[in-house]
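Single-structure report; data block below.
Read-outs throughout are calculated quantities, based only on the coordinates presented, and are distinct from any laboratory measurement. Note that the structure is a prediction, hence the values are computed from the model and not measured. Here the Cβ positions follow ideal geometry from the backbone for every residue, glycine too, while neighbour counts run over all protein chains shown.
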Protein chains: 2
Amino acid sequence: MKKFEEKTTKTTPIYDGKIVKLQIDDVTLPNGHVAKREIIKHPGAVAVIAVTDAGKLVLVEQYRKALERSIIEIPAGKLEPGEEPIVTARRELEEETGYGAQSFTFLQAFATSPGFADEIIHLFVAKELYKIENKADLDEDEFVDLLEVSLEEAGQMVADERIFDAKTAFAVLWLATQYENKL
Amino acid sequence: MKKFEEKTTKTTPIYDGKIVKLQIDDVTLPNGHVAKREIIKHPGAVAVIAVTDAGKLVLVEQYRKALERSIIEIPAGKLEPGEEPIVTARRELEEETGYGAQSFTFLQAFATSPGFADEIIHLFVAKELYKIENKADLDEDEFVDLLEVSLEEAGQMVADERIFDAKTAFAVLWLATQYENKL
């Protein structure tokens, strides 16, 4: 996995934020040329494909400042330092939807924007959902609406871009294929 | 799509790079509280699901500095300023794979990292491929290997994370479902 490796000769930190870091790496290319790479460091995240006993997919709608609009996504959230992804996944599902899950399975991980960021999303499947009576509240500054849609409706939402988020589009197609029968 | 809107009261530019910009937005939340948002601005990109007449999916392997490894992706590239996505898509397919396509169809767009970046990928499907005889060369500093795999093999590559890229995983599932019969 080191094919065409770009060796770092110098790293210049530009910004160290609450969520992202930005750095410029000077690199040497396979042909000996030099170049600069703008790199965003991100702690990584989880996302949860949660399916109710009635076969509905659990979605959340929230405002995404980067896009200047609200979008519909599967429940997701950033990893805290040192946290196991499954712990984050359980917490985010509960906080954003009020659901716990008897069955919680790791599906796979993928990079979201490999051209400029190191964010990796760890994707889980949650089934046998139950409502949590005294659930941990959302942060008072988080605003999230809950939706539960059939697979057919979710498919339509991808096709007409009401679902406008890569991980969620993947989740809908995965459900449609019950991919590799892992569910 | 403005539900739970976060109104910007101030934007502080941090970095203006060759590919990304970083800015901090001071925002007012729906409950009147204030917060800061770290925002990455990106020009957007295209990606191409290219299928040969033999039904194979065209993939490229390249080093991704942000991940410090090489990964396997569908052909993709950044939009140049003012460029129509289909123009970028045709160019990137040609440069990275040596293929042109008689049939080039827009499939959909989605955000890749809405939590911190505004990158949107415009996804196209290319069919009726032909090899370009005197193709435009890759930039001499770009290093890309070409792969052509069956849908079955691509599915296995997603399952075992040899495909470790969200847009490519989506593309493989989409092919598996021939989603909405748009192909």
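Assorted remarks:
- B:K127 paired with A:K36, simple spin-label distance in nm, labels 7 Å along Cα-to-beta-carbon: 4.5 nm
- The protein assembly as shown - mean residue ellipticity at 222 nm from DSSP helices (-39,500 (n - 2.57) per run, n ≥ 4, rounded to 500): -5500 deg cm²/dmol
- Average beta carbon contacts from partner chains per residue of B:57-68, 10 Å cutoff: 6
- Along each principal axis, Cα extent of the stretch A:90-140, largest first, Å: 42, 28, 9
- Take each residue of peptide B:104-110, count the partner chain Cβ atoms within 10 Å of its Cβ, and average: the result is 3.
- Longest segment of chain B lacking trypsin sites (Lys or Arg not before Pro) that sit in a DSSP loop with at most 16 other Cβ atoms within 10 Å: B:19-134
- Projecting 7 Å from Cα along the Cα-to-Cβ direction, the label point of B:D26 sits 3.7 nm from its equivalents in the other copies, listed shortest first.
- Gyration tensor verdict on chain B (Cα atoms; rounded if a/c is under 1.5, prolate if a/b is larger than b/c, oblate otherwise): prolate
- Note: relative contact order over chain B, using C-alpha pairs below 8 Å and six or more positions apart, is 21 percent.
- Across every direction, the projection of the convex hull enclosing the Cα atoms of the stretch B:64-125 has a mean area of 5.2 nm².
- Pairwise Cα inverse-distance average, inverted: Kirkwood Rh of the protein assembly as shown (Å): 21.2 Å
- Reciprocal of mean inverse Cα separation for the stretch B:1-80 (Kirkwood radius, Å): 16.2 Å
- HN-Hα J in Hz across the stretch A:141-146 - Karplus 6.51, -1.76, 1.60, θ = phi - 60°, x for Gly and Pro: 9, 9, 10, 9, 9, 9
- Across the identical copies, the label point of A:E128 (7 Å from Cα in the Cβ direction) is separated from its matches by 5.3 nm, in order from shortest.
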